[in-house]
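Participant: Mind having a look at this structure? Questions to follow.
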Amino acid sequence: MLEAIHLSKNFKGKKAVQDVNLYLGHGESVGLIGPNGAGKSTTISMISSLIKPTSGEIKLNGVNTITKPGEIRKILGVVPQELALYQELSAYENLHFFGSIYKMQGKELKDSIEQALEIVGLTDRQKDLVKTFSGGMKRRVNIAAALLHRPEILILDEPTVGIDPQSRNHILETVRMLNEKEGTTILYTSHYMEEVEQLCDRLYIMDHGEIIAAGTKAELLSILSTEDTFKLELSKLDGNFIERVRAIEGIRKVEAFQLQMKIIAKKGSNLISELVHLADQQHIQIINFQTETPSLEDVFLHLTGRTLRD
Amino acid sequence: MRSFIKKDILMFWRDRKELITVLVLPVLLVFILNFAFAGLFNHDKKSTIDLQLAVVNQDKEAEALEQLNKKLMNEASLEEQEATALVEQAQHIQPVPLLFDFLENKDIKNLVTVHRLKEAEAVDKIKEGDLDAILIIPDGFTAESLYAAFVGKTPTVKLQYKLEQQTNNSSALNNIIQGFMYQLNYQFAIQTIAGAKEVEVTLPEGGFEEIGTGETFTMSQYFTITMGALFALFMVATAATKTGIEIRQQVFNRILLTNSHPMQFFIGKMVSTICLVFLQIIFVIIVSNLILNIFPDRSMTFWIGIAAMAVLFSFAMSGLAAVFTAIILRMNNIDASNGIFMLVILLFGIIGGNFVPIQMLPDWLQQIGEWTPNGLYLVMFTDWIQFEELSSLAKPSMLLIGFVILSTMAGLALFPKRGITK
């Protein structure tokens, strides 16, 4: 449906985005994650036709949208990171203005506004000025303004930054509903890994202006699939026990702290029975035993050497 | 287009701070300035001038007609019959009594106390500080004035005005005397050309701002016009600054994403500026008039003219808004753009007579100032208040229309091309 091919953007000689390839299939929900300054917003601005790429192509169903920006604008809704709203106008007045410049009028406009307000749950506050709203409510109006013309593709650029958990959940639910029930194609950027994990079928991981990994959640997690991590809490812990654990075949790393141990071993080493047996021999009781599955955050850490919020 | 205009007007209406600034502040300033400068400029109010003037009459009025007859025959080479006819006409005009009548009329009497003295006596009193100035009517003044008026030459014998020291009051009196002489010669010349058998001279009224037979242009009217225009300039800057905020808040990008042509945004700004400036100008005039009664007993034609000028000025301001909007879109830096706007407004304000009366500026600056939209507006208004003649509005109106066209074209030329917002 929409593809970015070898997209690059330079600002005053500095490379903001380099050779990005990205694809959005019809009805898909795709996440674009990366830390602040990774180039996510610049990529989105290029895709949505607001800035021209230095090089590369953007195609919507085969049509070049760089030369024909009107093609993508017709079917695209963008929720920018900033609140692109008139603070001095009410929620209704904002939506009425943006709806009317989408050339909607009369009943069509009124129905669109009502529907958008209903989706974001602000029908009862529509007459209030935006400046009187909480951060979360403003973000919801920001989303409503992008839904007025019932876009086929919705791009959300960090729509949950700086808001309370309740509003955040509401926004996530709205996005999920738009994707699952309305069939809207979603491109969701965030530096909250758990949000994209919840919402997206596929992910692009971006850092320093480049896509460093892409795929489904399982595909990305498989990057870390060669190891298993175990955490043990013990009744007592001595040097002898630690040494004997280290000697077990397949163990790669053992860390001990007070009465806890973290063991990293080769995947499929099947260590549980050996560990239980060893503890029994040493008269040590295992109080707690956990197997840790790697998260996307771990994948990101593994790929970039830093966490998303660094 | 209507959506853009409605949005801009609504945004302005909701910005109470800005609304108070452009509506209440000019009226308040008109009110304050009117009282602060009333004593200094406004001759309608009680004057602070109290001038002690000695008038020394050395003219032999009884011999004046005989002297005139001789001068007409000897110097102007007229036949005796022609000279006699002119002398007969001249019998009806006596410049010296007219001057005394003028100095002792009601208006001048409030400003000047006249003492009829001999020259030596007057000089002594000046030295003692009892008098401020001496006006000497020299010998031959009547004959020379009449002769000069008949033959159209500058009189060789003139009133002599001597001061103890130059003050605002004494120079004001000098202006009054000069005004009298000018009026005397003017009336005389007019009636001679018209072939009147008897010459009647209309004495000028006292005061500083009397021009021809028009209405008086007062300081309160001046402040109303200039404050309205000055705050209209500020409103234009505010409209452009709001564009900057729209860019900063990404609203402009959202507008672009709707596939609306950016020109709609641009024209919307111009039209909303026309509406807002017109309402602001009219509000300031009406409220100032209600409080200070600055335009008493004026006709409906006068008010229609005022409204028409406000419309014209609003269009000129929309042209300026076009340039400012294009600059802020191009620069993409609100603070730097605001700095430029303030410089332009200060420049226009100063040379267009919004901060100080334009008459206080050097001639060359006055001439430049009359090319600014606010300067043109002031010229139009001043003429209309005094004369209510459409012909006097033609030139400034054309120049204002020219300003609208040129500034709109400049705005369009500076407006960023489609799709380029950064």
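Participant: Sort the range B:77-138 into rounded, prolate or oblate with this rule: let a ≥ b ≥ c be the square roots of the eigenvalues of the Cα gyration tensor; rounded if a/c is under 1.5, and if a/c is not under 1.5, prolate when a/b is larger than b/c, oblate otherwise.
Facilitator: Details: a/c = 5.19, a/b = 2.12, b/c = 2.45.
In terms of gyration-tensor shape, oblate.
Participant: Quote the FRET efficiency, to the nearest 0.05, computed for residue A:272 versus residue A:198 with a Förster distance R0 of 41 Å and r equal to the Cβ-Cβ distance. Display every interim value, and only then the final one.
Facilitator: On the way: r = 31 Å, r/R0 = 0.75.
After rounding to 0.05, the efficiency reads 0.85.
Participant: I'd like the FRET efficiency for residue A:64 and residue A:103, computed as 1/(1 + (r/R0)^6) with the beta carbon distance as r and R0 of 22 Å, rounded to 0.05. Before the final figure, lay out each step's value.
Facilitator: On the way: r = 24 Å, r/R0 = 1.09.
Using R0 = 22 Å, I get an efficiency of 0.35.
Participant: Can you give the mean number of other chain Cβ atoms that lie within 10 Å of the Cβ atoms in peptide B:254-265?
Facilitator: 6
Participant: Say R0 is 35 Å: what FRET efficiency, to the nearest 0.05, do residue B:82 and residue B:160 get from their beta-carbon distance?
Facilitator: Numbers: r = 32 Å, r/R0 = 0.91.
Result of the calculation: an efficiency of 0.65.
Participant: Same structure, new question: Modelled label-to-label distance, residue B:350 and residue B:104, 7 Å Cα→beta-carbon offset: nm?
Facilitator: Output for this residue pair reads 5.1 nm.
Participant: Now for a separate question. Provide Rg over Rh for the range A:226-293; use the alpha carbon set for both Rg and the Kirkwood Rh (inverse mean inverse pair distance). Let's see the in-between values first.
Facilitator: On the way: Rg = 10.8 Å, Rh = 11.8 Å.
We get a ratio of 0.91 for the range A:226-293.
Participant: Then there is this: Per q in 0.30 1/Å, what log10 I(q)/I(0) does a Debye calculation on the alpha-carbon atoms of the range A:53-97 return?
Facilitator: Each listed q corresponds, in turn, to -1.08.
Participant: Mind checking the range A:113-145 for trypsin sites (Lys or Arg not before Pro) that DSSP puts in a loop (not H, G, I, E or B) and that have at most 14 other Cβ atoms within 10 Å?
Facilitator: Numbers: sites: A:125, A:127, A:131, A:138, A:139, A:140; in loops: A:127.
Of the trypsin sites (Lys or Arg not before Pro), the ones in loops of the range A:113-145 whose Cβ has at most 14 other Cβ atoms within 10 Å are A:127.
Participant: In degrees, nearest 10, range 0 to 90: what is the angle between the Cα axis of helix A:106-120 and the longest Cα principal axis of chain A?
Facilitator: On a 0 to 90 degree scale, this one is about 20.
Participant: Kirkwood hydrodynamic radius, computed over distinct alpha-carbon pairs, for the range A:22-100: how many Å, to one decimal? List each step's numbers first, then the result.
Facilitator: Values: mean 1/r = 0.0680 Å⁻¹.
After inverting the pairwise mean of 1/r, the radius is 14.7 Å.
Participant: Please list B:389-399, B:285-295, B:260-270, A:84-94 highest first by mean number of surrounding beta-carbon atoms within 10 Å per residue. Please list the in-between numbers first.
Facilitator: Details: B:389-399: 14.9, B:285-295: 17.5, B:260-270: 19.2, A:84-94: 22.1.
In decreasing order of mean packing, B:389-399, B:285-295, B:260-270, A:84-94 become A:84-94, B:260-270, B:285-295, B:389-399.
Participant: Please list, by residue number, everything in the range B:261-291 whose backbone N is under 19 Å from a paramagnetic label point 7 Å out along Cα→Cβ of residue B:6.
Facilitator: B:261, B:264-276
Participant: Sequence-distant or interchain residues sharing an amide H contact under 5 Å with residue B:112, placed H: which?
Facilitator: The answer is B:51.
Participant: On to the next question. Magnitude of the Cβ-charge dipole of the range A:226-293, K/R +1 and D/E -1, about the Cα centre, nearest 20 debye?
Facilitator: Details: 9 positive and 10 negative charges, 29 e Å.
My answer is approximately 140 debye.
Participant: So what's the convex hull volume per residue for the Cα atoms of the range A:176-310, in Å³? Please report the intermediate quantities before stating the final value.
Facilitator: Details: hull volume 19.1 nm³, N = 135.
With only Cα atoms used, the range A:176-310 gives 141 Å³ per residue.
Participant: Could you rank the peptides A:106-119, A:242-255 by their average count of other C-beta atoms within 10 Å per residue, with the highest value first? Walk me through the intermediate numbers first.
Facilitator: On the way: A:106-119: 15.6, A:242-255: 13.5.
The peptides rank, most packed first, as A:106-119, A:242-255.
Participant: Next question, about the same structure. Counting pairs of alpha carbon atoms under 8 Å apart in space and at least six apart in sequence, what relative contact order in percent does the range A:1-118 give? Mind showing how you got there, number by number?
Facilitator: Working: 125 pairs, mean separation 25.4, N = 118.
That works out to 21 percent.
Participant: Helix A:165-180 against the longest principal axis of chain A: what's the angle in degrees, Cα atoms only, rounded to the nearest 10?
Facilitator: Value to nearest ten degrees: 70.
Participant: Looking at chain A, what % of its DSSP beta bridges pair antiparallel, to the nearest 5? List each step's numbers first, then the result.
Facilitator: Working: 40 of 58 bridges.
Roughly 70 percent of the beta bridges in chain A run antiparallel, per DSSP.
Participant: List the accessible area buried at the contact between A and B, summed over both sides and calculated with a 1.4 Å probe, in Å² to the nearest 100.
Facilitator: Working: alone 15630 and 21910 Å², together 35120 Å².
Using a 1.4 Å probe, the pair buries roughly 2400 Å².
Participant: For the range A:2-222, I need the span (max minus min coordinate) of the C-alpha atoms along each principal axis, in Å, sorted largest to smallest.
Facilitator: So the extents along the principal axes, rounded to whole Å, are 45, 37, 35.
Participant: Peptide A:89-95: average number of partner chain Cβ atoms within 10 Å per residue?
Facilitator: Working: counts 4, 2, 0, 0, 5, 3, 0.
Counting Cβ atoms of other protein chains within 10 Å of each residue's Cβ and averaging gives 2.
Participant: Using Stokes-Einstein with the Kirkwood hydrodynamic radius over Cα pairs, what translational diffusion coefficient do you get for the protein assembly as shown at 37 °C and a viscosity of 0.692 mPa s, in µm²/s rounded to a whole number?
Facilitator: Numbers: Rh = 33.5 Å.
In µm²/s, the coefficient rounds to 98.
Participant: If you don't mind, another one. Spin-label point model (7 Å from Cα, Cβ direction): what's the residue A:259 to residue B:412 distance in nm?
Facilitator: Each label point is offset 7 Å from its Cα along the Cβ direction, giving 8.4 nm.
Participant: Relative to the longest principal Cα axis of chain A, at what angle does helix A:135-147 sit, 0 to 90 degrees, rounded to 10?
Facilitator: Its long axis makes an angle of about 60 degrees.
Participant: What nm distance separates the two modelled labels at residue A:208 and residue B:66, each placed 7 Å from Cα along Cα→Cβ?
Facilitator: 11.7
Participant: If you average the sequence gap of Cα pairs under 8 Å that are 6 or more apart and divide by the length of chain A, what percent do you get for the contact order?
Facilitator: Working: 557 pairs, mean separation 62.4, N = 310.
Relative contact order here is 20 percent.
Participant: Using a 10 Å cut-off on Cβ atoms, rank the peptides A:177-188, A:147-158, B:232-243 from the highest mean neighbour count down. The partial results should precede the final answer.
Facilitator: Details: A:177-188: 17.8, A:147-158: 21.8, B:232-243: 23.5.
Packing order, densest peptide first, comes out as B:232-243, A:147-158, A:177-188.
The values are calculated or read from the model by the stated rules, or taken from the named source; none is laboratory data. These figures come from a predicted structure and were not determined experimentally. A quick note on method: Cβ atoms are made from the backbone with ideal geometry, for glycine too, and the neighbour counts reach across all protein chains shown. For the accessible areas, the whole protein counts, side chains as well, though only heavy atoms, and no ligand, DNA or RNA atoms are used. Shrake-Rupley method; radii C 1.70, N 1.55, O 1.52, S 1.80 Å.
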